[in-house]
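Enquirer: Before I ask anything, here is the structure I am working with.
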Amino acid sequence: MNLALPMPRRTPLQIPVIMHHKVGEPVRTKADRFLNVSERDFARQVRALERLGYRGITLAQAVEGLFAASPLPRKPVCITFDDGYACVAQHAAPVLAALGWPATVFVPTAHAGRENAWDRDTGKPLLPLLDWKRLRELAEAGWEIAGHTRTHPHLDRLDDPRALEEIAGGRADIAAHLGVAPSTFCYPFGGLNERTPRLVRQAGFAGACTTRSGLASSACDPFLLPRIKVAHRDRLLGFLYRLWIRPRLP
């Protein structure tokens, strides 16, 4: 008789990865609200996370913890910023520094120190982006400067050689300017097809974020990590709803 008991099913490790773009930009038109939260709301959200026992880590640390069993805080959270807007250093970095938290910023390297030219024909405001001096300062403060291509294209609209050139080129630019090649990536516009994750892996990355909603977990494909998007209209309760409840809804 076989008396062996079934092994308990292991619950996947989950980490909320929060997606921001802009923090504290003036809101004058509807377009100004696009992917922008106020400095006050950002500070309230981050401090609420800290009071609830969360500790900030970089996306690289999250990927290592989820898929390579590296040590993690008891309640880790990742704060990520797409596109490298200059307002992030001005308004978000001091809030995070007060808690000793790092963050991850995804940089389209050809636009560093310039503006979000990919939005020129959309009606969205053109805003300054972080330059390499400021990116180096953030890296020295513990932030992760991560890949976001060179020119912020829709990768799913490019052939594979051109897409790989964008992905690998951005990684090489960061290594050249900061001395460290990034291990994580984010798809511009959330644009990808069934081949794009393979190209990101081929370029040397260990994981990548999408714009899909959900909690990153050890059950995910490391190159298709979901995130929690924070909207301009979200106040603290709305933010906590997005963090705790919405990702768990069927």
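Enquirer: Which residue pairs have Cβ atoms closer than 6 Å, lie 6 or more positions apart in sequence or on different chains, and pair a first residue in the range 168-182 that is part of a helix (DSSP H, G or I) with a second residue that is among the aliphatic types (A, V, I, L, M) and surrounded by fewer than 18 Cβ atoms within 10 Å (Cβ to Cβ)?
Expert: The qualifying pairs are 171/181; 175/181.
Enquirer: Same structure again: Which one is surrounded by the fewest Cβ atoms within 10 Å (Cβ to Cβ) among residues in the range 183-208 that are hydrophobic (A, V, I, L, M, F, W, C) and either out of contact with any helix residue (DSSP H, G or I) (no Cβ under 9 Å at 6 or more places or on another chain) or assigned to a helix (DSSP H, G or I) (or both)?
Expert: So, considering only residues that are hydrophobic (A, V, I, L, M, F, W, C) and either out of contact with any helix residue (DSSP H, G or I) (no Cβ under 9 Å at 6 or more places or on another chain) or assigned to a helix (DSSP H, G or I) (or both), the one surrounded by the fewest Cβ atoms within 10 Å (Cβ to Cβ) is 189.
For every residue, the table says whether it meets (1) more than 18 Å from residue 157 (Cβ to Cβ); (2) not aromatic (Phe, Trp, Tyr).
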| position | (1), (2) |
| --- | --- |
| 185 | no, no |
| 190 | no, yes |
| 195 | no, yes |
| 211 | no, yes |
| 214 | yes, yes |
| 223 | yes, no |
| 226 | yes, yes |
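Enquirer: Any idea which residue in the range 209-245 is surrounded by the most Cβ atoms within 10 Å (Cβ to Cβ), counting only those that are of a type in the set (Gly, Ala, Ser) and either in contact (Cβ under 8 Å) with a residue 40 or more places away in the chain or part of a loop (DSSP other than H, G, I, E, B) (or both)?
Expert: Filtering the range 209-245 for residues that are of a type in the set (Gly, Ala, Ser) and either in contact (Cβ under 8 Å) with a residue 40 or more places away in the chain or part of a loop (DSSP other than H, G, I, E, B) (or both), the one surrounded by the most Cβ atoms within 10 Å (Cβ to Cβ) comes out as 216.
Residue-wise test of (1) out of contact with any Cys (no Cβ under 9 Å at 6 or more places or on another chain); (2) of a type in the set (Gly, Ala, Ser); (3) crowded, with 16+ Cβ neighbours inside 10 Å; (4) within 28 Å of residue 64 (Cα to Cα).
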site: 99; (1), (2), (3), (4): yes, no, no, yes
site: 112; (1), (2), (3), (4): yes, yes, yes, yes
site: 115; (1), (2), (3), (4): yes, no, no, no
site: 135; (1), (2), (3), (4): yes, no, yes, yes
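Enquirer: In addition: Name the helices (runs of 4 or more DSSP H) wholly inside the range 1-101 in which the number of residues that are acidic (Asp, Glu) is 1 or more.
Expert: Because the criterion is at least 1 residues that are acidic (Asp, Glu), the helices (runs of 4 or more DSSP H) in the range 1-101 that meet it are 39-51, 59-68.
Enquirer: Residue 156 versus (1) of a type in the set (D, E, K, R); (2) over 19 Å from residue 63 (Cα atoms); (3) crowded, with 20+ Cβ neighbours inside 10 Å: which is the lone unmet condition?
Expert: Failed condition: (3).
For (1) polar (S, T, N, Q); (2) closer than 25 Å to residue 175 by Cα; (3) in contact (Cβ under 8 Å) with a residue 24 or more places away in the chain, each residue gets a yes or a no:
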{"position": "73", "(1), (2), (3)": "no, no, no"}
{"position": "76", "(1), (2), (3)": "no, no, yes"}
{"position": "80", "(1), (2), (3)": "yes, yes, yes"}
{"position": "86", "(1), (2), (3)": "no, yes, yes"}
{"position": "103", "(1), (2), (3)": "no, yes, yes"}
{"position": "106", "(1), (2), (3)": "no, yes, yes"}
{"position": "109", "(1), (2), (3)": "yes, yes, yes"}
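Enquirer: Another question, if that's okay. Out of (1) free of Cβ contacts under 8 Å to residues at least 60 places away in the same chain; (2) under 20 Å from the mean Cα position of the chain (by Cα), what's the single condition that is false for residue 143?
Expert: Against the list (1) free of Cβ contacts under 8 Å to residues at least 60 places away in the same chain; (2) under 20 Å from the mean Cα position of the chain (by Cα), residue 143 comes up short only on (1).
Enquirer: Only one of 103, 146, 117 is farther than 21 Å from residue 202 by Cα and in contact with a strand residue (DSSP E or B) (Cβ under 8 Å, 6 or more places away or on another chain). Can you tell me which?
Expert: 103
Any read-out appearing in this document is the output of simple, stated calculations on the displayed coordinates, not a laboratory observation. All values reported here derive from a predicted model rather than from experimental measurement. Glycine also receives a Cβ, built like all others from the backbone with ideal geometry; neighbour counts cover every protein chain displayed.
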